[in-house]
Amino acid sequence: MMKSMRGENRMEHEEAQPRLLLVEDDIGLAVEIEADLAARGFILCHEASGTAALERLRTDRFDLLLLDRLLPGLDGLAIIETIRAEGNRTPVLVLSALSAVDERIRGLKAGGDDYLTKPFALGELAARVEALLRRPVETRETVLRVGPLEIDLIDRTARRGTRDIELLPREFKLLEYLMRRAGQVVTRDMLFADVWHYRFIPPTNLVDVHMGRLRRKIDEAEETPLIHSIRAVGFMFRVPD
Amino acid sequence: MLSAAFSVLTLVLFFFIYWQTAIYETNRIDAILNSEAAALAGEPQPDLVRAVGMRLSIDLHRITFAALFTPQGTLIAGNLQQKPAGLPSDGQVHSVDANRLNPTSSDLEPARAIARVLPNGDLLVIGRNIDELVELRGLVQRALILGLVPAILLSLVTSIVLSTRTLNHIKVIHQALQRIIKGHVRERLPTRGTRDDLDLLVYAVNDMLDEISMLMDELRGIGDNIAHDLRMPLTRVRARLERSRSQVVSTSALEQTVDLAITDLDQISATITAILRIGEIESANRQAAFTRIDLGELVTELAELFQPIAEAAGITLQARIREEGAVVGDPDLLMEAFVNLVDNALKFTPSGGTVFLTLYQGAHGPVVRVADTGPGIPLDEREAVMKRFYRSDKSRHVAGSGLGLSLVLAVVRLHGYALTIVGDPPGCVFEMTCASDSGRAPP
């Protein structure tokens, strides 16, 4: 279902298939990632070592770089620093078995755009890739409209059609985040980090419960649902065609 | 080496004392002679003869010289055969050898003397025997030979013996260390019971080894616990995969197996992540990131975060903020710790129960209390609960890594706060005293 939907989006926007470079020395994992992302409509190239990846990046252009943190030859962070120094602005998603929060910060400081800890769900990876390729809609307007839903960023009010929706401050932030990424999968970890700004992993289904509450306010019984659960991955705000 | 330096130093010191004493004594004698010569020179001649005689008559120790000579050098009165050789008549004190009348021995006597020409041309010589000083010099020499030389020898011998013994002891210690390095972790370094520096060092090293052994035992226990927590889901995954490989019933059954396997793997991953996280909190130098925190804000945020979860579980969540609670700490870590405490409280509280979050001013600082109406922790389990990586058997049936409390404790230790379980079950009450010295305060 997700695949077909993504296909629709592609056609709508008439985008070319995004080209990704995966730098990963574990061939078994690389094969799985390639298969999964290819099925989701991405073109994937693979390099197993840091030095080879650096060579490739100097001659070829990619839309996104998936970079293992610990590589033989050249460390992942060193690659980011090198290409950034050379003026390459390609977004980088760091994949790492080093889970430490400090490690994550180091990855982002070095010039990475996102950081994913191994082991990860393939759905999580796809969602992050998508998020990096399609930066959220930044608008100067004070009113955000997606389908029948409209939120006022100044007054902090929400309305669906003619129905006013009462939202708690956190619910409003959650909704704004979803609407800016309409048609895009957002994962629980993304929400917890970006909406709540916590740097740790939530111990329970915290995000789900908050999302459930928001959903009950947005989608009433007879209305077409706008917030969808994506099994084992997260949520999506989507307006039906 | 050291003892030789010590000997030389002693020698120098000894000599210095002698030298200073001699100078002092000479100066004293010279001052007396100068003043006496001045006094006598003022007397008229007949009185002077009498004065010289008187001066000699009271000299019971025969240490004084006094004589009056004619300009031709003939003795008029006094106890000198002639003017001492080499004594200039300049009114200054000089060292001379004096030749006494009626000497007790044939030797000339060492003396300090002064010669002064009187107005009538006569020569006045007065002096003082300085045998004492010469004797003092002899004494110093004898002391050097009789006392210092054996002392130096003794100290040399002693130091050689001692350093040999110390070297031997160090060799023994070194051998013991080698054995410990090779894995005999129960072995301790030998002590001599002398309480010297080396011994104290050995005691310190032994204490350190004890501490390390204890930590290793603890770690082994933790390792066993963790292995258990990882092996259980691993065993399940393996069994399920194996079974579905050998007896595939349907695609949906296979899908179900795979889903369960993923769930179990996620649990393993969560356990590993939690362990690494605790290690990270404990090891890193995080105090650098400490800032001023308003605990009241944190607790409000906490209540807001968990309100929907409590509602969904049919639990009442009540937050009471009785003070501002300004503290210094890492806000992210404290929030993580509180989230774990509240999460635990909600997990163990049955539907219809209540979880209270309270911030109040305790005796040692602001206290955040998380209280629930669940079964609570039995009194005999509380000490164990506070150990690193402890997992209650009960918590094994509840989702999550089960290491939440270990993480809370790591954060508490980092801040120097104190975490206590208060009251009797039922109902579990955790109190975190958020003052950096509360860990040392009496409970």
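The values are calculated or read from the model by the stated rules, or taken from the named source; none is laboratory data. For clarity, every value in this text was computed on a predicted model and none was experimentally measured. Here Cβ is always computed from backbone atoms with ideal geometry, including for glycine, and neighbour counts include all displayed protein chains.
Miscellaneous remarks
- Within segment B:295-330, tally of residues that are of a type outside the set (Lys, Arg) and in a strand (DSSP E or B): 9
Every residue, every condition in (1) in contact with an Asp or Glu (Cβ under 9 Å, 6 or more places away or on another chain); (2) surrounded by 15 or more Cβ atoms within 10 Å (Cβ to Cβ); (3) outside the structural domain of A:Leu93 (by TED's automatic domain parsing); (4) over 30 Å from A:Glu222 (Cβ atoms), yes or no:
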{"position": "A:Tyr115", "(1), (2), (3), (4)": "yes, yes, no, yes"}
{"position": "A:Ala126", "(1), (2), (3), (4)": "yes, yes, no, yes"}
{"position": "A:Asp155", "(1), (2), (3), (4)": "no, no, yes, no"}
{"position": "A:Arg170", "(1), (2), (3), (4)": "yes, yes, yes, no"}
{"position": "A:Leu175", "(1), (2), (3), (4)": "no, yes, yes, no"}
{"position": "A:Arg180", "(1), (2), (3), (4)": "yes, yes, yes, no"}
{"position": "A:Phe192", "(1), (2), (3), (4)": "no, yes, yes, yes"}
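- Lone qualifier among B:Leu265, B:Leu215 - being part of a helix (DSSP H, G or I), surrounded by 14 or more Cβ atoms within 10 Å (Cβ to Cβ) and either among the hydrophobic types (A, V, I, L, M, F, W, C) or within 12 Å of chain A (Cβ to nearest Cβ) (or both): B:Leu265
- Number of the condition not met by B:Val12 [criteria: (1) hydrophobic (A, V, I, L, M, F, W, C); (2) in contact with a helix residue (DSSP H, G or I) (Cβ under 8 Å, 6 or more places away or on another chain); (3) farther than 14 Å from B:Ala115 by Cα]: (2)
- Tabulated pairs, segment B:332-352, first at the interface with chain A (Cβ under 10 Å from one of its Cβ atoms), second part of a loop (DSSP other than H, G, I, E, B) and among the polar types (S, T, N, Q), C-beta under 8 angstrom, 6+ apart or interchain: B:Asp343/A:Thr204; B:Leu346/A:Thr204; B:Lys347/A:Thr204
- A:Val129 being away from every other protein chain (no Cβ under 14 Å), in a loop (DSSP other than H, G, I, E, B) and of a type outside the set (Asp, Glu): no
- The residues of segment B:140-190 that are surrounded by 12 or more Cβ atoms within 10 Å (Cβ to Cβ), basic (Lys, Arg) and either more than 18 Å from B:Val202 (Cα to Cα) or in contact (Cβ under 8 Å) with a residue 12 or more places away in the chain (or both) amount to a single one, B:Arg188.
- Some residue of segment A:69-88 being part of a strand (DSSP E or B) and more than 16 Å from A:Arg19 (Cα to Cα): no
- Among the residues of segment A:196-208, those that are within 21 Å of A:Leu108 (Cα to Cα) and either buried (at least 18 other Cβ atoms within 10 Å of the Cβ) or more than 7 Å from chain B (Cβ to nearest Cβ) (or both) comprise A:Trp196, A:His197, A:Phe200, A:Ile201, A:Pro202.
- Filter pass, B:Val258 being of a type in the set (Val, Ile, Thr), surrounded by fewer than 16 Cβ atoms within 10 Å (Cβ to Cβ) and in contact with a Ser or Thr (Cβ under 9 Å, 6 or more places away or on another chain): yes
- Yes/no for B:Ala253 being assigned by TED's automatic domain parsing to the domain that holds B:Ile272 and in contact with a helix residue (DSSP H, G or I) (Cβ under 8 Å, 6 or more places away or on another chain): yes
- Restricting segment A:97-118 to residues that are part of a strand (DSSP E or B) and away from chain B (no Cβ under 12 Å), the residue that is farthest from B:Ser283 (Cα to Cα): A:Asp114
- Checking B:Leu407, B:Leu414 one by one, the residue that is crowded, with 22+ Cβ neighbours inside 10 Å, modelled with pLDDT of 85 or more and in a helix (DSSP H, G or I) is B:Leu407 and no other.
- Pick from segment B:269-304, criterion in contact with a helix residue (DSSP H, G or I) (Cβ under 7 Å, 6 or more places away or on another chain) and facing chain A (nearest Cβ under 8 Å), ranking: surrounded by the most Cβ atoms within 10 Å (Cβ to Cβ): B:Arg277
- Enumeration of residues in segment A:139-182 that are within 30 Å of A:Gln17 (Cβ to Cβ), outside any helix (DSSP H, G or I) and touching a residue at least 40 places away in the same chain (Cβ under 8 Å): A:Val146, A:Gly147, A:Arg181, A:Ala182
- Residues in segment A:41-71 that are surrounded by fewer than 18 Cβ atoms within 10 Å (Cβ to Cβ) and either touching a Lys or Arg at 6+ places or on another chain (Cβ under 9 Å) or of a type in the set (Ser, Thr, Tyr) (or both): A:Gly41, A:Ile43, A:Cys45, A:Ser49, A:Thr51, A:Thr59, A:Asp60, A:Arg61.
- Count of segment A:209-241 residues, restricted to those that are surrounded by 19 or more Cβ atoms within 10 Å (Cβ to Cβ), under 23 Å from B:Asp266 (Cα atoms) and more than 8 Å from every other protein chain (Cβ to nearest Cβ), is 5.
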